[in-house]
Amino acid sequence: MQNNNKKIYLVKLDEEAGEMIPPFGLLYVGGKLRSAGYDVKVIHAGQKAVTKQIDDVIKDEPLFIGFSVITGSPTAASVRISQMFKAKSNIKIVWGGVHPSLLPQQCLAEDYIDFVILQEGEETALALADQLSSGKQGFTEINGLGYKDNGRIMINNPRPLNRILKATRMDFDLIDLSKYVQESFIQLDGKRKKIRKLSYISSRGCPHNCGFCYNLKFNQRQWRYFPENIVYEDIQYLKEKYKVNAIHFWDDNFFVDKARALNILKHIGVFPEFELRIDYITEELAAEFKKLNTINLLIGAESGSDRILKLMNKGFSKTLMMDKARVLAKYNVPVLYSFMLGAPTEKKEELYQTIDLIAEISQIHKNSSFTVGMYMPYPGTELYQMAIKEGFTPPSRTENWQLIDRWRNTVPLPWIDRNIYKSIRYFSALLSDNNSLLRSWALFRLKKKILKFKLDIKIVALLRKINEFTDRK
């Protein structure tokens, strides 16, 4: 039976604080659907806010409701909202994004999920919408789709990844981007400069082989890019409409093509922020980053142990990291170094090597900050089976993947001490605090490996909260 309703809802559950990142995947998928004539509504909010909209969405009788789902706490929120829709309606529920792409069988085993879209969603979502609206039976011809056929779980052939992303554009009008603008201040030539920053993606994927990264399966180590003219058009639009003067590139690896990346940064005329590998750093690049008034670089340093770095397939050593940190320090480029604790088989002395490296970099590179998270066992990655051998038990139900959250320190890895890891994360963050006494105290604790005593942490955390409250007033 033909369904003439052209309405489609796309939902992303997000409870995260800090930098608000637009739901890029939904803007791509929604843009493709809108260009084909569908009436698309995007909801990007926390669970409570979305719950209040359920009845209104059901009244619209949409063709389907699509969820973009990542692993962690948003997984459970997506479960609960999907269940609420199913309890009140027969509307088709479609899951896409990283989590269902890595675990399509497990997701489709749940009675509240009708379809799963694997990997990139634009073409598959449009094919599914056309099939549902036409009333035709059967989904076997839609590549990249998982579904149920009389109770049997069916996973169709994968859809080839788009090699050149010319026809794929984000539809910025699907959401109010003004709420994603981040305002802050930076020091520039000795003066305090206000910045208004938005996030953006100019490419997809990464060609490298890091053993912990979901990209190995999701993007198949293929790096694809949007033509420079599209990037220029998009960013010019964002500058004019939202008065932004800074862009955070959320590419998996922005500098795969160094010439392209530099061309973009030189052309767009904004303060840039982006991620790149530390082995890409050269004297010339560091000098360019300084000239471009780069707000921040995010560098995945991961570990201070050469054995763990080799286990992760990082392709560089601790010695190289120290050499590159000195180059970045020479040009005073601001860098956020990211570390990962608790990789399978990591030993105590290797954990200490990571702590020592964090302390060393903080002293060499004064314009540095640090973020430390726990190892995340993504299904389909090289380290995943090793994690299982070491005692990690994957959740058997979709809703239980909320426990696998590296930033909330909840990943159930039996070989780690969560309290010690939490202390390391806390002290590492304090190394870039404005208070010199706190920086010195954190550095002392890290160097001496005094990680279990907690009373002073509680006192400092309380004082920081009090100061933040006072500043807001």
In the range 239-267, which residues are in a helix (DSSP H, G or I) and buried (at least 20 other Cβ atoms within 10 Å of the Cβ)?
261, 264, 265
Any chance the range 116-128 includes a residue that's outside any loop (DSSP other than H, G, I, E, B) and closer than 26 Å to residue 403 by Cβ?
yes
From the set of residues in the range 81-111 that are assigned to a helix (DSSP H, G or I) and more than 26 Å from the chain's Cα centre (by Cα), which is surrounded by the fewest Cβ atoms within 10 Å (Cβ to Cβ)?
87
Only residues that are surrounded by fewer than 19 Cβ atoms within 10 Å (Cβ to Cβ) and modelled with pLDDT of 90 or more: list them for the range 401-419, please.
414, 415
Quickly run through the range 290-303 and pick out the residues that are touching a residue at least 24 places away in the same chain (Cβ under 8 Å) and more than 23 Å from the chain's Cα centre (by Cα).
290, 292, 293
Considering the range 51-90, residues that are over 27 Å from residue 136 (Cα atoms) and in contact with a Leu (Cβ under 7 Å, 6 or more places away or on another chain), and then whichever is modelled with the lowest pLDDT, we arrive at 74
Within the range 268-277, count every residue that is surrounded by 15 or more Cβ atoms within 10 Å (Cβ to Cβ) and either free of Cβ contacts under 8 Å to residues at least 60 places away in the same chain or part of a helix (DSSP H, G or I) (or both).
6
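The values are calculated or read from the model by the stated rules, or taken from the named source; none is laboratory data. Owing to the predicted nature of the structure, the values given are computational and were not obtained by experimental measurement. Positions of Cβ are generated from backbone atoms using ideal geometry, with glycine treated the same way; all protein chains shown enter the neighbour counts.
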